[in-house]
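Below is one structure, written out as structure tokens; the observations come after it.
Readers should treat all values here as calculations from the given coordinates under stated rules, not as data from a laboratory. Since this is a predicted model, take the numbers as computed values, not measurements. Glycine also receives a Cβ, built like all others from the backbone with ideal geometry; neighbour counts cover every protein chain displayed.
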Amino acid sequence: MAAPLTLLLIVAVTIRAVLFRSSLAELISERVEVVSPLNAWKRVVEGLALLDLGVSPYSGDVFHETPLMIYLFHFTVDYAEIVFMVSPYFVDCLSCFLAPLDRFRKQKYALESDRYPADCLELLRSPKEMFYIPLKVAMFYLLNPFTILSCVAKSTCGLNNAIIALFIFCTLKGSALLSGILLALATYQSIYPLTLFAPALLFFLQRLYIPVNLRRSSFWFFTLQYAFIYVGSLVVITGLSFFLLGSWDFIPSVYGFIFSVPDLTPNIGLFWYFFAEMFEHFRLFFICVFQINVFFYTIPLSIKLKEHPVFLIFMQIAIISIFKSYPTVGDVALYMAFLPAWSHLYRFLRNIFLVSCVLLACSALFPVLWHLWIYAGSANSNFYYAITLLFNFGQILLVSDYFYAYLRREHHLIHGLYLKKKDGTEATLVLK
Amino acid sequence: GLVFLSSEFGVDQFQEELVIRPLHSGDIYASFQFRTLWDTDFLQERQKVSHYRLFPKSLGQVLSKFSVRELHISFTQGFWRTMQWGQPFIPSPPGAELWVWFHDTVSDVDGNWKELTNVLSGIFCASLNFIDLTNTVQPSASFKPLGLGNATDHRFLRYATLPREIVCTENLTPWKKLLPCGSKAGLSVLLKSEKLFHSSFHSQAVHIRPVCQDEQCTSKAWELRQTLNVVFDLYTSGQGKKEWSLFKMFSRTLTEACPLATSSKVYVDITDNPELSPATPLLSQAVVLGDRRTYSVFDLTRAETFGQLRSLNLLLRWKGDSGGMLRPLLHAERYVAGFGLQTGEIHTVIYNNHPYRAFPVLLMDSVPWYLQLYIHTLTVTSKSRDNKPSYIHYQPAKDRHRPHLLEMLIQLPPHSMTEVTVQFERALLKWTEYTPDPNHGFYVGSSVVSALVPSMVAMNTNFTQDQPLFSSFVPVKEESSYFVRVYTEPLLVNLPTPDFSMPYNVICLTCTVVAVGYGSFYNLLTRTFQVDEPSLPLAKRLANLIRRIRGVPLLA
């Protein structure tokens, strides 16, 4: 296990190093699919240059990073490449802990295995399968072209992904304090990880064997503890940012920017063209609708998946990556890294071939149609917009397919794998 | 004759002058200046000024209402070709330019600015109401007051330029109405729009500032200068012959001076020895723009100037090939580099043609917010070596609120070319923010290069009342240098456009994709898996219904 992992790390580092030194690095760091106004490296350098000129980086509308990021890069700007190469490896850490997690789950099932119908045993995973999951997750993340592009472009999305991965790692390991602090840091970077509070809380409650019952005082006690850690660290980090630059300018520049979407630079998301063509009268209404859309799946999903917090984390990250205001391929790569952890759901996926074809085709068409619109002038913005729609549609289909497969497996675990109708013939399962 | 106004409101006087300068390329440059000096104080609170004579009332009211200390507005059609024509007496950028110094008693400068632009828009029949906070800047060093006053708090300065503004007869007519003699007498009879706009360059301006009335500055007065610069082209107006006359240029001749003027003169530049008729014994020498030039003077207040025919039609003919033109010592160009609609680079090239002296220049760039400048890509190179500016003032743009302002003090090495480059990214705007012709492009106003250029000839620092107007526009502080302001070309930049016919379609399609997501999740969250029991066909269901009523066992 150590040897293949090391080999994988070496290959990944080599690919990134080669690309960093080639002329492609410049080209990649300008691509709108890979960088967005929130996390472009060019803007970080611009912010540092403004700081050197004595002007606040937030006085213009170019720089939208948080103050802690400024100070991180102030000291490491010359070693930026190393910083960006190291960050994906944090995502690996979590993969190493998916194995013990599954061991934990297996134990849980072992306790209840007498409740399972006998034919379900093939649905449970054997330790041998689970042994290779960390390697597969590492491979899916490190060798994913999206991740490589994002890293070579030096987009700070890689660092945000690293923080979220560390947060998941600490949650799975059971450390509520570290998990709360890292979640606060992830929320401070971009607001959307706020929705990960619920799955983390559910995981801790499950781990500590506290039933999720609103009438129980033990539930409230732990929830308040965790919330206190989270909110407290958030307040501390925000206060620290205020003292670093001496003003609250960063709040409208970072969070106001994320929520009100003033910059309509094209990206792979749904917001830019929608708000470029929006009637002015309805702009505020639709901004609220689209932003609420990211957050409001939390409660229903938490209710449905309260026994399965790890899958809930995956679902939340996927929803954030699809519906956030300035998505990039780095965000897509984060939730795609999770997919090998659910390779046992493969038999229940209905549309996986269609989805993979759609995603591959769209990834290939993005640069083509961008070139046609911006450089050749023979297409217009509608072409690029259409591929954006298709890419997001493909992602939604992927996520809902995995959700369907997960729910179906749970149903089979309880009711048996080979179901029969009343008259004894083979039954089909539908959602009703 | 003169009419003296003996009242407590002060004496006003009016002077008019026309300078005709043949240019090296065969074109001819005519510069009109009309100056009204008035000994009054618009800004005093005790008595509102109400008795106007030579000073136009509309401008006086503007000055007192908005507490304006200095006002400079110009409307220009065409671009001044410095390398072919030399330096102009009064430089101006293409389009409309307005810069104003407000008095330091003003509390809300932005409010005053907004109202002032609207009022001026009405006075000059120009669309100055397009000036708003998205194209107004406050330069910190480039536009120091040209008149009296030592307050240099640039919070009271506003500068805006509209490169797209077109100048036509509609703007000339109200401008002429501000003159004391209108267009009826004096030099202003020559201002006929069908000839003036059939030219390579046409610029009309109004400059108002407080000045000293004498050397010791014991009394102050308000000066209003209306200037009109026009360059007639050799081929389109001159029929290819290097032979010009007043009638050929303006289709009118001069018949009398303006009765209200204390001085009315025509200066013809004869330094390069053209043939001039009628000849005149009056000669004058003046050092202007670092060059000593000789002028023939025609004094229109003297009746003998008009001769027997009572009309003055000057004839100028070049003799052979006139000598070399004095090469302008400072010259600037600007262009956009790059391809595609995503990024680009602005290059500003400044030439220092002085053979051995280096001098600093102040470059001011105001770039609209939708071209996002990256100041870390700013490079200044002279003679292919890095030339770091000694002073940089950069105010980044705020989207939809204010433009970029970049001011730099650059030392230009002698006989060199300095190139300033900065990269920018083009923004995608909301569909309502595009003009009706979005593929024409968006204009970026001219850069301003201001400098004190070392002079080859000693400048005249003496202040005399009968100094020609063209040499007294810019105050000369020292002998060895003169002030020059050079405007570069405006830029035309294309931005990526969305499809303007699509708002409804886009809203529908995007909401559809979001709804697909919502629908899938709703299904999976609210429904459970059930074994699919096929439903009975209709006939059997009806039969079951009847059986239930009868109380008989149902069908399967």
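Points worth noting:
- Cα gyration tensor shape for the stretch A:326-432, rounded if a/c is under 1.5, else prolate or oblate: prolate
- Vicinal HN-Hα couplings computed from phi for the stretch B:258-268 (Karplus, 6.51 cos²θ - 1.76 cosθ + 1.60; Hz; Gly/Pro x): 5, x, 8, 8, 7, 8, 9, 10, 10, 10, 10
- Dipole magnitude (debye, nearest 20) for the stretch B:330-493, charges at Cβ of Lys, Arg, Asp, Glu: 260 debye
- Tail fraction, Cα-Cα pairs, chain B, threshold 46 Å, whole percent: 25 percent
- Size of electric dipole in chain B: Cβ of Lys, Arg +1 and of Asp, Glu -1, about Cα centre, debye, nearest 20: 1640 debye
- In a DSSP loop and with at most 11 other Cβ atoms within 10 Å, the chymotrypsin sites (Phe, Trp or Tyr not before Pro) in the stretch B:346-415 are B:Tyr356.
- Kirkwood analysis of the Cα pair distances in the stretch B:13-317 returns a hydrodynamic radius of 20.4 Å.
- For chain A, modelled as a GNM whose springs connect Cα atoms under 10 angstrom apart, the maximal fluctuation among A:Arg21, A:Arg31, A:Arg409 occurs at A:Arg21.
- Prolate/oblate/rounded label for the stretch B:439-503 (Cα gyration tensor, a/c 1.5): prolate
- Leading residue at positive end of dipole, the protein assembly as shown (Cβ point charges), from A:Gly60, A:Ile70, B:Phe156: A:Ile70
- Overall shape of chain A was characterised from the C-alpha gyration tensor. The equivalent ellipsoid obtained from it has semi-axes of 37, 26, 23 Å, in decreasing order.
- Residue pairs, from the table A:Lys306/A:Lys422; A:Lys154/A:Lys324; B:Lys398/B:Lys430, whose Cα atoms sit over 25 Å apart: A:Lys306/A:Lys422
- Beta bridges per DSSP with both ends in chain B, % antiparallel, nearest 5: 95 percent
- D_trans [Stokes-Einstein, Kirkwood Rh over alpha-carbon pairs] for the protein assembly as shown, 37 °C, 0.692 mPa s, µm² s⁻¹: 97 µm²/s
- Mean Kyte hydropathy of -0.5 or more with a Cα span along the axis of at least 20 Å, helices from DSSP in chain B: B:109-124, B:503-526
- In a fully extended conformation the segment linking B:Thr526 and B:Ser480 would gain 7.9 nm over its present Cα-Cα distance, using 0.36 nm per residue.
- Diffusion coefficient of the stretch B:139-219 by Stokes-Einstein, Kirkwood radius over Cα pairs, 20 °C, 1.002 mPa s: 133 µm²/s.
- Taking θ as phi - 60° and the Karplus parameters 6.51, -1.76 and 1.60, the scalar couplings of the stretch B:73-80 work out to 9, 9, 10, 10, 10, x, 10, 6 Hz in sequence order, x denoting glycine and proline.
- From the alpha carbon centroid of the stretch A:146-182 to that of the stretch A:300-337 is 14 Å.
- Per principal axis, descending, Cα span of the stretch B:330-493 in whole Å: 58, 40, 25
- Crossing angle, helix A:2-21 versus chain A [Cα axis fit, 0-90 degrees, rounded to tens]: 20 degrees
- Residues A:Met315, A:Met278, B:Met83 arranged by fewest to most Cβ contacts within 10 Å: B:Met83, A:Met278, A:Met315
- Taking other C-beta atoms within 10 angstrom as a stand-in for reagent exposure, B:Cys212, A:Cys170, B:Cys217, A:Cys157 fall in the order B:Cys217, B:Cys212, A:Cys170, A:Cys157, fewest first.
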